[in-house]
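Asker: Here it is, the structure in full.
The values are calculated or read from the model by the stated rules, or taken from the named source; none is laboratory data. Worth saying up front: this structure is predicted, and the values here are computed from it rather than measured. All accessible areas refer to the heavy atoms of the entire protein, side chains included, with ligands and DNA or RNA removed. Shrake-Rupley method; radii C 1.70, N 1.55, O 1.52, S 1.80 Å.
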Amino acid sequence: MGAPGFTLVRWIVLALPFLFLSCQSVEEAEWDSLPGMVSSEEMANTMGLLEELDLLVFSAMTQQNLMQERIAPMLNLSDCPGSVIVRDEKNRRMTIDFGTGCVSERGIEKKGIVTIAYTDSFLAKGSTASIGFENFSLNGQSLKGTRILENLGFQYENKSIRFSSVSSDFQITSLKGVTYMLDHVHIKDLKLSTEERGFRIYLEGYGTIATDLDDEKTFFEIISPVVYLQECMSAGSSIPSQGSLQLKGRGNQQVLFTFNSEDCGGSR
């Protein structure tokens, strides 16, 4: 692998640990909600669950590349006791089987099977990974459907690596038995900073979400990039320090949820 690929690998390595905490349970706070709309709390939890899923796939797709560069992978996929990883390079397919359930070193419970069909090395620009599930759940919340990840390449203007993640007719069933139907497009920039304050993760996107309790869909859009700070994630805060997310329901119903805090509190 030449110098550009090596640099890309290092960026992935350095960025992954700060994705870990973005998927933990949202801190207790007063969340906005209106009748007939998915609440901002439910939306934040859904986004966090998808971050955990993306992290799992990023790690699975890049682990061999990192080892070839003699860099220790940041996430050990075998840290969930009893899990089995099967790689079929000929057919470009990977299966991760967590069996009847295991808990990783980070306290994430995983059950069932994740399948990944890919087109190329995930570190190559334009490569895609199609993610499917067989009786799969994260922390007791089941996931169904298909999710597509794509490497959009290195962004020279802001020194970041960009990924897209797209879900269509995706279903997440909560611990309370409520099923959320999700369609969305997310763009994620992982930016390396040379300053002591560390990395910044910028998330943009839009989509719709609804529950099986009614037919009403809630439209959501990230109005200003949701920003995760390295120092906050390292301290255990899963709430972004900057950015805003707008939720819209039927008629003129809408909620603007804003993150604006310098002390990792994520105040609205």
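Asker: Percentage of Cα-Cα pair distances in segment 96-138 greater than 16 Å, rounded to whole percent?
Answerer: Result: 48 percent of Cα pairs exceed 16 Å.
Asker: Please go through the residue pairs Lys188/Lys217; Lys159/Lys188; Lys90/Lys144; Lys144/Lys248; Lys111/Lys144 and name each one whose alpha carbons sit more than 19 Å apart in this structure.
Answerer: Lys188/Lys217; Lys90/Lys144; Lys144/Lys248
Asker: Then there is this: Given a 1.4 Å probe and every protein chain left where it sits, what share in percent of the accessible area of segment 145-191 is carbon and sulfur?
Answerer: Ligands and nucleic acids excluded, carbon and sulfur give 54 percent.
Asker: Gain in length, Gln155 to Asn91, computed as 0.36 nm per residue apart minus the alpha-carbon separation, to one decimal in nm?
Answerer: On the way: separation 64, 0.36 × 64 = 23.04 nm, distance 3.03 nm.
My answer for the length gained is 20.0 nm.
Asker: OK, next. Per residue, how much accessible surface does segment 99-188 expose to a 1.4 Å probe? Answer in Å², no decimals.
Answerer: That works out to 45 Å² for each residue.
Asker: Can you tell me the mean projection area, over all orientations, of the convex hull of segment 146-194's alpha carbons? Units nm², please.
Answerer: Result: a mean projected hull area of 4.7 nm².
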